[in-house]
Structures are given as structure tokens and as C-alpha cells.
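Before any comments, here is the structure.
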Amino acid sequence: MSSDTGLAITATSSPKSDVGGSENNDLLDGLRHILAEQSHLFACGGDIPIREPKGPDLDKTSGDEACAKLSLPTVQGEAGLDRLLQHARPATFGRGGQDVYDESYRKALQMDPATFCTTFEPYSVGIIDAVAQVLLPSVSDSTTHRAVRAELYKLNIYSGPSRKFKPHVDTPRSSSQFGSLVICLPVKHTGGHLKVRHKEQEVVFDWSADQDKPDHDRIRWAAFYSDCEHEVLEVTSGHRLTLTYNLYAVRGAGRLTGVSPTLNPVHLPLFQALKEVLSQDPFGCQGGTLGFWCSHSYAYNHTEETPLPATLKGVDAVLWESFQALNLDPKIAPVITMSEDIREMFPSTMPCEWIIGHKFGVHVDSHLQVESLEEYHETYQRWGSYNRESVHWLTTPKESEPQLVFTAYGNEATTEAMYSNCAILVKIPSRQ
């Protein structure tokens, strides 16, 4: 925009990756690298409280002995387990394009979907929504394949003592398969931890018996990418029963729902990295504000869209959920970045580089005729407020959206617009 002052008010410089003296902060630099590489975005998991079913486990009315009909996900009593064990067969695994049986590598039992029936499905309880929102945005074809299809693959039984599955990487069943889902049924056991590794990072899912809770109080689950190495540690007692699903990226309605309440952020690999960095106090007891420019595009100023944070996805959703789990209070808002030359020329009027919006939606000052810098200042403050504290930005900005529309007067009247980027801000309290 041209005006009598000769300043390009509506043109904003690219936001800096960091300010406030944290360029030399090794802890934040490490976290910045993790976010840039997204090396901690490879797995997620959670749990679902359940109620005890009424009535017997076995469907005694069926004479079909080829199918073990149980009330899954719960398996009550020794009779139900015995019935499963009778129908199960030794588990194989893929090696060189062939199914191989080797108890020194994998010692377990398995059942194909044709030989058992289950009333459990992961869609209605929100697991697939959580998987789609956290893992799907990172697959290469996520722009066209925005939904997840879960295909039941096996029922696996690892009984104690000694049954296990050594480290391995699954073989995808098709080019659209991007991961696996493991549902652990509420049967008491000890041991049998699931370890998932990716790019030298590891997350452990411990579904063994908890002495402080009932044996059949919840279903636990984990999902991870197909190229992750994973293993099942030795089960020391009881029976570890899991339903495994192949996950495929498919074309969807073009829209994702909010993060499922079944997701447990503690099982997100990035949660552990954030927790470790914050535990070492990167701000030296002074506290500070962390800023994350959203990694994905959102039509956050379109009124017909579901408002944020409900539609966050990928690393953005992981950050939001992780900070909430760390008992911090993340905020999400549109942020306008002011150019450095304007702030230097008018330090009293432009006290800060960032103006943080009070709410989403394009703000139109149709009745305001902006001619002076003071009137620009009034326009900014009607829409948002200056952030006067240092912000330690750990990501770089992506897509911008039109944010402020107003009539400006220079040599002649023109309609001008300023653009914003969507950001997550987290205030870390001081330790003094």
C-alpha cells in the first residue's frame, strides 16, 4: 500500500524462526529440529473405558465349530479363552515374500478373521478419527487420500511364559497401506510390551495388568507407520490378546473431525520429547512463550469451516494435545507479523512485531478511513492486541489468510488487506 508516509504498511516480512535470545539455546534448537524433521510423528495410542457385557461369552446357539463366537472385546472366564486357544494356530510371519514359521523369532498363536467373530469395531469409538488426524497428514498422498480404512487382519494370542515377537518391520499389503493398528483386549497378562521404533526414536506401549485397576476396565490401542520396526516383548504370565488391522489411506469427504477423546497424548512420541525439553528448563527459571506456526493449511477465516482447534491435524494436533497433557494452556490464534522497518521508525506506536487476533474470521473495517499511523494502530487493536513478550518460534510459517480489510488513504483511497498466519502459542511459567 502506498501512502504519504511512503511506508508499505500491508507488506509484512517473513516471521523469524526465533527471537528473544534463544538462537543459542541448544534445548530449543533440538526441539526445533525435531519439529522440522517430524521424526517423532510415527505412532499414537490411547485407551477406551468399557463396561462388562451381560450374559455368557459363548454363542451356544451356533453349531458352526469353524468359528469361535465370543463377545469380544471382553473375554470372560476360562471357557472363552480355552475356546480361542482350541481354534488358534501357530503364528507365522513374512520373510522374503513367504509366510515362515520359526518359534525362535515369533512364538504366538493367531486366528484369521474367518475363524472368529467380534462385536468390536474401531470406527464408532473414535480410534480411526484419531489415527487419521495424527498420522494421515504425514503420508505422501494426504492431499487426496484424507480418510482411513481399517481392515481386520488377525487375532493374535501371546501366552505366558515365553511367547514373543522379535524386532521386525511389517510388509505392506498394498501401495495404499500406510500403517498398522493394534487393539489390546482386556485380558489379564504381564509383560508383552509393544516397542515401536522409527529413526532412532522409540515409544513403548505397556498393556500389562495394572494392580490398581480392574482386569477388564479398558481397551488399549496403538497405531504406527508401516516402516516402523516393532517387537512384542516376552509375555511372562497370562494371555495377551490383540486384534490387528491394516490401515489404508483412502479418499474421504475432504475433512477431518476433532481429535478423539480415546487418544492418550502420553503415548505420542513427541510428548516425551516436549516433556524432556521442558523438564530441563530452557528459559533458566524465567519462563517464556513458545510459538509454533501451524504446519498444515486451514481455512481458519472461513465461517463455514469447523473452528480450530477441532480440525487441527498431524504435528499441529500432536502439539496441542501434548501441551494440554502437560497441564499447560495452549492458545491458537491468527497472528499478523509487522515489518521491522515500521517498528523501528515508530517504536512507541508499533511496540511489537506480532499482533495476535482475538478471534478467527476476516475483520472488515468498512466504515473506517485510515490515513495516519495512529489510525492503523486503532485498527490493529480493534482486531487483536500486541504481544509485548518475546516469542521463541520453533517452526516456520506456511500458508497465510486474508485477515484485516480496510480503506486506506494515501494519494488516493484504496481497499487494503493484511494477512495472518495461524499459530499455537504456549506460555511456560517461570520457576521462581
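The values are calculated or read from the model by the stated rules, or taken from the named source; none is laboratory data. Remember, predicted model here, so these are calculated numbers, not experimental data. Please note: Cβ atoms are built from the backbone with ideal geometry, for glycine as well, and neighbour counts cover all protein chains shown. Side chains included, ligands, DNA and RNA excluded: accessible areas come from the protein's heavy atoms. Shrake-Rupley method; radii C 1.70, N 1.55, O 1.52, S 1.80 Å.
Data overview
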quantity	calculated
Exposure of residue 352 as accessible area (Å², to 10), given a probe of 1.4 Å and all protein chains	10 Å²
For residue 245, solvent-accessible area (1.4 Å; no DNA, RNA or ligand), Å²	10 Å²
112, 365, reordered so the largest accessible area comes first (probe 1.4 Å)	112, 365
Net charge, residue 104 excluded, C-beta distance under 11 Å - Lys, Arg +1, Asp, Glu -1	+2
Segment residue 168-residue 244, extension gain: residue separation times 0.36 nm, minus the distance between their alpha carbons	25.8 nm
Ranking by accessible area, most exposed first, for 224, 283 with a 1.4 Å probe	283, 224
Cα-projected label distance for residue 302 with residue 199, points at 7 Å along beta-carbon direction, nm	3.0 nm
